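Peer 1: I have a structure here, written as structure tokens, and I will follow up with some questions on it.
The values are calculated or read from the model by the stated rules, or taken from the named source; none is laboratory data. Because the structure is a prediction, the values reported are computed rather than measured. Glycine gets a Cβ as well: all are built from the backbone with ideal geometry, and neighbour counts include every protein chain shown. Side chains included, ligands, DNA and RNA excluded: accessible areas come from the protein's heavy atoms. Shrake-Rupley method; radii C 1.70, N 1.55, O 1.52, S 1.80 Å.
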Amino acid sequence: MNPELVNAVRRALPVWAIALVLVGLAELGARAWMGDDETWEYWNRTMASKVRYLKKLDSHDLRPNVLIVGDSSAAFNIMPSAFDEVYGSRSFNLGSAGNYARSFDVVMRQHVLPTLPDPELLVVSFGGQGFLPESRGQTERILSSPLGQRLLGKRVWGQHIWLVRIHHLLRLYRDPPVTPTVFRNRGFEPYLVAIQRRPRRPRLANQLPQPPDFLIRPRPPAPPTDEDALAPLGRLFDYAAARSIQVIMVSPPTEDEAPVLVPEIAALCASRGVPHFDYSRAPLPSHNSHLNTRGAQVYSTKLGQDLKALRDAGELHPPKP
Amino acid sequence: MLFNSLTFAAFLAVVLPVYHALPRRGQNVFLVGASYLFYGWWDWRFLSLLWVSTAVDYWAANRIAATSDPKKRNFALGVSLVTNLGILGFFKYFNFFVDTANASLEALGVPFNTSLLYIVLPVGISFYTFQTLAYTIDTWRGRQTPTADPVAFALYVAYFPQLVAGPIERAKHLLPQLEQDRVLTPQFLRTGITLILIGLFKKVGLADGVAPFVDEVFGEIGAFSSSSVLCATLLFCIQIYGDFSGYSDIARGTSRLLGIDLMVNFRQPYLAQNIAELWRRWHISLSTWFADYVYIPLGGSKRGPVRNAFNLVGMFALSGLWHGAAWNFVLWATLNGVCLLLFRYWSELPRNEGVEVAPFSLRWFAGNFATLTVFVLTALMFRSDGLAGVWTGYMALLLNPWWLGIEHVYVYATLAYGIPMVALDLWQYRSGEEEPMLASGRVFQGVLLGCAMIWVLVMGGVDLDVPFIYFQF
């Protein structure tokens with residue numbers, strides 16, 4: 001080899017050595033700072049905060065016995081405090097905006113729920129469009145998060161390099177600032193208020209919805225028009241059945257702009273023995289399928305009442321296998 | 001394969017030692033094979049287009065040089081033009097023209113509905129067709145002697161470092177290097193590796209880092225505040241410069257490791273003092289191509305002011321079409337052409353003629369600010385999704401509320417990614433060197449390299465799979 005080239009390479013070695021030492025030190029610093037933080041993989045700060053807080057509750061023996069899961073119809077419409085007041089529970093809202101069926105199946109069912117203590121009851125809420133294949137919402141963002149990519153078997157450098165994890169943590173803090181009380185899930189209402197402060201969200205008067213009885217009585221199951229669309233829901237029922245977790249399905253009291261699959265959902269629930277409450281039959285005024293604070297309070301109270309009646313009648317149980 | 005991928009690193013790790021162990025003739029044959037492998041990695045089917053373009057232009061140029069009969073020369077040139085522009089026109093513009101015809105005739109009430117075809121755009125087609133066209137046209141003009149070495153010519157067309165996103169090399173610069181012995185000098189080794197590192201920093205550390213912010217705002221631009229739209233447009237300017245100049249740097253650096261020099265494609269365009277200077281510094285290989293093969297043949301500035309205006313703005317409009325088969329690209333480029341024309345009129349005023357502006361003087365800053373204002377405001381068109389997206393974007397910029405409470409993130413991002421980009425450009429501009437860090441001590445170089453690597457890991461898009469923007473052209 002050309003001796004001048006060899007000399008040039010030798011002269012560059014100290015440069016690379018200094019650079020690699022710096023990177024190594026930075027990596028050690030990142031590991032020391034982040035510790036065992038697991039929230040860097042999530043797609044938004046709210047979800048990362050919720051999971052972290054839920055685990056903290058569990059470590060203090062305050063684990064909730066009711067978990068509310070689903071998309072924004074769960075996250076923004078079901079108010080834990082109003083629900084608990086009526087149902088007599090300790091509930092926690094794990095809903096996430098845009099977490100439609102596909103991303104829910106990958107991230108929540110396969111990863112988040114198994115890492116959390118099993119609740120007694122799962123309240124599942126999806127808008128009908130959440131099951132449509134063409135509905136994307138923030139699903140792609142959720143699936144392209146490090147957690148989503150890892151669960152889909154894709155390469156994620158952040159798994160091995162803590163400096164890249166910092167990048168993802170910084171990305172999380174791109175979300176709108178939330179009030180301090182979001183960490184107390186029971187105090188989630190101010191977050192709903194923060195959402196309402198955004199422009200173009202009308203102030204809406206709300207009343208108790210009519211009719212009062214929203215429970216779908218079991219009827220002979222009809223084959224779903226699109227079996228694939230509801231497959232994630234079926235797998236969630238399988239998960240709950242295996243762990244003896246009671247499940248109820250709710251269709252939120254909003255009018256979806258996209259066609260809904262409520263009859264198909266009802267049929268699936270009936271075939272699995274899962275109670276299904278269809279509040280979309282008497283929708284409350286909403287914006288973009290989201291209620292305002294008052295609407296969420298009214299709805300959550302009603303939901304708590306209906307569930308309490310079901311529980312008192314002994315009709316709450318895990319899904320059929 | 002992307003330049004910022006392990007696959008390319010592995011490819012290079014194999015190509016470089018084998019290449020340097022071979023004699024020149026063997027080097028050319030080996031590089032041709034490696035280049036075909038590189039290109040075929042995307043889609044092997046499009047190798048056929050590359051081969052057709054290579055064969056036709058090799059034949060055409062040699063045919064032109066072999067005869068003095070104008071008819072035969074013109075025929076050969078015509079075959080080359082039809083082949084290259086035909087390939088480009090079909091794969092890139094067929095659906096665009098059909099769609100435009102459908103919309104126009106429908107607006108006129110004439111029923112016309114031709115179906116669109118599902119056509120995949122071959123990577124780099126806009127680049128290598130222009131490169132081969134330049135070769136044939138220069139031969140026809142008598143400015144270029146065609147090569148009799150088919151392997152050298154095939155390598156000139158398919159040379160992998162610059163095949164898919166430029167720079168668009170001229171035969172006069174690249175072909176002689178391919179026909180001569182190459183030596184990897186220590187200077188080429190140092191500057192080549194440095195250029196690759198600079199390019200990776202610009203691409204992964206800057207462009208890929210800002211990509212999620214840009215995509216987020218432009219994905220639903222009507223819903224964001226005007227300050228968010230402005231920040232996202234600034235971030236897009238960072239993205240496209242980092243992406244494209246980063247690619248060019250990596251291409252040139254890789255080529256230097258092969259002992260071959262490629263032309264400079266970007267010279268700190270955001271430090272231009274006026275719009276004319278910006279376009280002399282931005283995508284230099286494309287600008288000079290359009291000047292030499294469109295503007296000057298149309299008469300340039302030599303046929304009166306009206307014709308000059310038509311030639312200049314028309315050239316820009318065509319270059320917009322080159323960037324993409326969509327009217328927002330044409331609009332973007334045409335507006336820049338108009339601004340350039342207006343600048344020329346302004347600079348020809350008696351009080352402005354011959355005025356020298358010192359870099360970083362007050363007048364320089366004023367000119368730079370005005371230039372960047374034009375460039376940034378028109379960049380919104382470039383990034384928008386069609387003409388409807390352009391309209392929505394400008395309405396959001398002008399009519400939406402200025403601040404909604406979430407914009408701080410975009411402001412921080414603009415500052416965080418903008419400052420390193422400007423700092424690097426300023427350093428290169430002031431020193432007149434592309435690799436100014438090589439003049440510093442080794443400790444400083446090590447610290448700088450370490451900081452750049454940390455930056456890329458923390459702030460860049462290491463976990464993201466963002467392709468080079470200009471691949472779509």
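Peer 1: How many residues, within the stretch B:206-219, are open to solvent by 10 Å² or more (accessible area, probe 1.4 Å) and under 28 Å from B:Leu448 (Cα atoms)? Lay out the reasoning, then the answer.
Peer 2: Filtering the stretch B:206-219 down to residues open to solvent by 10 Å² or more (accessible area, probe 1.4 Å) leaves B:212-213, B:215-216, B:218-219.
This time we only want the ones that are under 28 Å from B:Leu448 (Cα atoms), so: B:212-213.
Residues in the stretch B:206-219 being open to solvent by 10 Å² or more (accessible area, probe 1.4 Å) and under 28 Å from B:Leu448 (Cα atoms): 2 in total.
Peer 1: Can I ask one more? In the list B:Gly86, B:Gly109, which residue meets the criterion of being modelled with pLDDT of 80 or more and exposed (fewer than 14 other Cβ atoms within 10 Å of the Cβ)? First the steps, then the outcome.
Peer 2: Details: B:Gly109 fails: modelled with pLDDT of 80 or more.
Within the list B:Gly86, B:Gly109, the selection yields B:Gly86.
Peer 1: Restricting to the stretch B:136-175, give me the number of residues that are touching a helix residue (DSSP H, G or I) at 6+ places or on another chain (Cβ under 9 Å) and in a helix (DSSP H, G or I).
Peer 2: 22
Peer 1: Being without any contact (Cβ under 8 Å) to a residue 60 or more places away in the chain and closer than 17 Å to B:Leu178 by Cβ is the filter; apply it to the stretch B:19-29 and report the residue that is least open to solvent (accessible area, probe 1.4 Å).
Peer 2: Within the stretch B:19-29, the subset without any contact (Cβ under 8 Å) to a residue 60 or more places away in the chain is B:21-23, B:26.
Those left that are additionally closer than 17 Å to B:Leu178 by Cβ: B:22-23, B:26.
Working: B:Leu22: 59, B:Pro23: 89, B:Gly26: 23 Å².
Taking the candidates together, the pick is B:Gly26.
Peer 1: Is it fair to say A:Ala32 is open to solvent by 20 Å² or more (accessible area, probe 1.4 Å), within 8 Å of another protein chain (Cβ to nearest Cβ) and part of a helix (DSSP H, G or I)?
Peer 2: Working: open to solvent by 20 Å² or more (accessible area, probe 1.4 Å): yes; within 8 Å of another protein chain (Cβ to nearest Cβ): no; part of a helix (DSSP H, G or I): yes.
The answer is no for A:Ala32.
Peer 1: Scan B:Lys72, B:Lys92 and give me the residue that is more than 22 Å from B:Ala251 (Cα to Cα) and either of a type in the set (Asp, Glu) or in contact (Cβ under 8 Å) with a residue 60 or more places away in the chain (or both). Talk me through it step by step, then tell me what you get.
Peer 2: Values: B:Lys72 fails: either of a type in the set (Asp, Glu) or in contact (Cβ under 8 Å) with a residue 60 or more places away in the chain (or both).
So the residue among B:Lys72, B:Lys92 that is more than 22 Å from B:Ala251 (Cα to Cα) and either of a type in the set (Asp, Glu) or in contact (Cβ under 8 Å) with a residue 60 or more places away in the chain (or both) is B:Lys92.
Peer 1: Taking the condition of being more than 14 Å from chain A (Cβ to nearest Cβ) and part of a helix (DSSP H, G or I), how many residues in the stretch B:176-194 meet it? Before the answer, list the steps.
Peer 2: In the first step, residues of the stretch B:176-194 are kept if they are more than 14 Å from chain A (Cβ to nearest Cβ); the result is B:176-180.
Remaining after also requiring part of a helix (DSSP H, G or I): B:176-179.
Residues meeting the conditions: 4.
Peer 1: Condition (residue is on the phi > 0 side of the Ramachandran plot, in contact (Cβ under 8 Å) with a residue 60 or more places away in the chain and open to solvent by 10 Å² or more (accessible area, probe 1.4 Å)) applied to the stretch A:64-71: is it met by at least one residue? Show your work before the answer.
Peer 2: From the stretch A:64-71, those on the phi > 0 side of the Ramachandran plot are A:70; that's our starting set.
Retained after the next criterion (residues that are in contact (Cβ under 8 Å) with a residue 60 or more places away in the chain): A:70.
Now drop any that are not open to solvent by 10 Å² or more (accessible area, probe 1.4 Å), which leaves none.
So far as the stretch A:64-71 goes, no, none of its residues is on the phi > 0 side of the Ramachandran plot, in contact (Cβ under 8 Å) with a residue 60 or more places away in the chain and open to solvent by 10 Å² or more (accessible area, probe 1.4 Å).
Peer 1: When the stretch B:409-435 is examined, which residues are found to be within 14 Å of chain A (Cβ to nearest Cβ) and open to solvent by less than 50 Å² (accessible area, probe 1.4 Å)?
Peer 2: Once the filter is applied, which keeps residues that are within 14 Å of chain A (Cβ to nearest Cβ) and open to solvent by less than 50 Å² (accessible area, probe 1.4 Å), the stretch B:409-435 yields B:Val409, B:Tyr410, B:Val411, B:Ala413, B:Thr414, B:Ala416, B:Tyr417, B:Glu435.
Peer 1: Of the residues that make up the stretch B:164-187, is at least one over 20 Å from the mean Cα position of the chain (by Cα), open to solvent by 10 Å² or more (accessible area, probe 1.4 Å) and of a type in the set (A, V, I, L, M, F, W, C)?
Peer 2: Within the stretch B:164-187, one or more residues are over 20 Å from the mean Cα position of the chain (by Cα), open to solvent by 10 Å² or more (accessible area, probe 1.4 Å) and of a type in the set (A, V, I, L, M, F, W, C).
Peer 1: For the stretch B:299-318, how many residues are open to solvent by less than 70 Å² (accessible area, probe 1.4 Å) and not in a loop (DSSP other than H, G, I, E, B)?
Peer 2: 9
Peer 1: Please tell me if B:Lys203 is crowded, with 23+ Cβ neighbours inside 10 Å, in contact (Cβ under 8 Å) with a residue 12 or more places away in the chain and part of a helix (DSSP H, G or I).
Peer 2: Working: crowded, with 23+ Cβ neighbours inside 10 Å: yes; in contact (Cβ under 8 Å) with a residue 12 or more places away in the chain: yes; part of a helix (DSSP H, G or I): yes.
So B:Lys203 passes the test.
Peer 1: While we're looking at this one, here's another question. If you take the residues of the stretch B:383-400 that are touching a helix residue (DSSP H, G or I) at 6+ places or on another chain (Cβ under 7 Å) and not in a helix (DSSP H, G or I), which of them is nearest to B:Thr233 (Cα to Cα)?
Peer 2: Among residues in the stretch B:383-400 that are touching a helix residue (DSSP H, G or I) at 6+ places or on another chain (Cβ under 7 Å) and not in a helix (DSSP H, G or I), the one nearest to B:Thr233 (Cα to Cα) is B:Ser384.
Peer 1: Being of a type in the set (Val, Ile, Thr), farther than 28 Å from B:Pro297 by Cβ and open to solvent by 40 Å² or more (accessible area, probe 1.4 Å) is the requirement here; does B:Val120 meet it?
Peer 2: Numbers: of a type in the set (Val, Ile, Thr): yes; farther than 28 Å from B:Pro297 by Cβ: yes; open to solvent by 40 Å² or more (accessible area, probe 1.4 Å): yes.
Yes.
Peer 1: Here is a further query. Please go through the stretch B:319-369 and give me each residue that is in contact (Cβ under 8 Å) with a residue 60 or more places away in the chain, of a type in the set (A, V, I, L, M) and either within 21 Å of B:Leu121 (Cβ to Cβ) or in a helix (DSSP H, G or I) (or both), ordered by number.
Peer 2: Hits for the stretch B:319-369 are B:Leu321, B:Ala325, B:Ala326, B:Leu340.
Peer 1: Does B:Ser227 satisfy the condition of being of a type in the set (Ser, Thr, Tyr), open to solvent by less than 10 Å² (accessible area, probe 1.4 Å) and under 20 Å from the mean Cα position of the chain (by Cα)? Break it down into steps so the answer makes sense when it comes.
Peer 2: Values: of a type in the set (Ser, Thr, Tyr): yes; open to solvent by less than 10 Å² (accessible area, probe 1.4 Å): yes; under 20 Å from the mean Cα position of the chain (by Cα): no.
No, not satisfied.
Peer 1: From the list B:Val447, B:Val443, exactly one residue is surrounded by fewer than 16 Cβ atoms within 10 Å (Cβ to Cβ), more than 17 Å from B:Lys203 (Cβ to Cβ), within 7 Å of another protein chain (Cβ to nearest Cβ) and not acidic (Asp, Glu). Which is it?
Peer 2: Numbers: B:Val447 fails: surrounded by fewer than 16 Cβ atoms within 10 Å (Cβ to Cβ).
Step by step, each of B:Val447, B:Val443 is checked, and only B:Val443 is surrounded by fewer than 16 Cβ atoms within 10 Å (Cβ to Cβ), more than 17 Å from B:Lys203 (Cβ to Cβ), within 7 Å of another protein chain (Cβ to nearest Cβ) and not acidic (Asp, Glu).
Peer 1: Ok, one more. Which residue is most open to solvent (accessible area, probe 1.4 Å), if the candidates are limited to the stretch A:6-17 and must be facing another protein chain (nearest Cβ under 9 Å) and within 57 Å of the chain's Cα centre (by Cα)? Outline the logic, then answer.
Peer 2: If we filter the stretch A:6-17 for residues that are facing another protein chain (nearest Cβ under 9 Å), which is where we start, we get A:7-9, A:11-12, A:14-17.
Applying the additional criterion that residues be within 57 Å of the chain's Cα centre (by Cα) yields A:8-9, A:11-12, A:14-17.
Details: A:Ala8: 16, A:Val9: 67, A:Arg11: 129, A:Ala12: 36, A:Pro14: 52, A:Val15: 13, A:Trp16: 90, A:Ala17: 51 Å².
Result: A:Arg11.
Peer 1: Open to solvent by 20 Å² or more (accessible area, probe 1.4 Å) and touching a helix residue (DSSP H, G or I) at 6+ places or on another chain (Cβ under 8 Å), is that true of B:Gly222? Outline the logic, then answer.
Peer 2: On the way: open to solvent by 20 Å² or more (accessible area, probe 1.4 Å): yes; touching a helix residue (DSSP H, G or I) at 6+ places or on another chain (Cβ under 8 Å): yes.
Spelling it out, B:Gly222 is indeed open to solvent by 20 Å² or more (accessible area, probe 1.4 Å) and touching a helix residue (DSSP H, G or I) at 6+ places or on another chain (Cβ under 8 Å).
Peer 1: Hey, does the stretch B:72-91 have a residue that's over 25 Å from B:Gly324 (Cβ atoms) and not in a helix (DSSP H, G or I)? Break it down into steps so the answer makes sense when it comes.
Peer 2: Step one: list which residues in the stretch B:72-91 are over 25 Å from B:Gly324 (Cβ atoms), which gives B:72-79.
Now narrow it down to the ones that are not in a helix (DSSP H, G or I): none.
No, every residue in the stretch B:72-91 fails to be over 25 Å from B:Gly324 (Cβ atoms) and not in a helix (DSSP H, G or I).
Peer 1: Could you list, in sequence order, all residues of the stretch A:133-161 that are more than 9 Å from every other protein chain (Cβ to nearest Cβ), part of a helix (DSSP H, G or I) and modelled with pLDDT of 80 or more? Let's see the steps before the verdict.
Peer 2: The initial filter retains those residues of the stretch A:133-161 that are more than 9 Å from every other protein chain (Cβ to nearest Cβ), namely A:133-140, A:142-143, A:145, A:147-148, A:150-153, A:159-160.
Going one step further and asking which of them are part of a helix (DSSP H, G or I), we end up with A:139-140, A:142-143, A:147-148, A:150-151, A:159.
Hits for the stretch A:133-161 are A:Ile142, A:Leu143, A:Leu147, A:Gly148, A:Arg150, A:Leu151.
Peer 1: Follow-up question, since we're still on this one. Can you find even one residue in the stretch A:102-124 that is modelled with pLDDT of 80 or more, within 14 Å of chain B (Cβ to nearest Cβ) and crowded, with 22+ Cβ neighbours inside 10 Å? Before the answer, list the steps.
Peer 2: Going residue by residue through the stretch A:102-124, those that are modelled with pLDDT of 80 or more are A:102-124.
Okay, now just the ones that are also within 14 Å of chain B (Cβ to nearest Cβ), so none.
No, the conditions are met nowhere in the stretch A:102-124.
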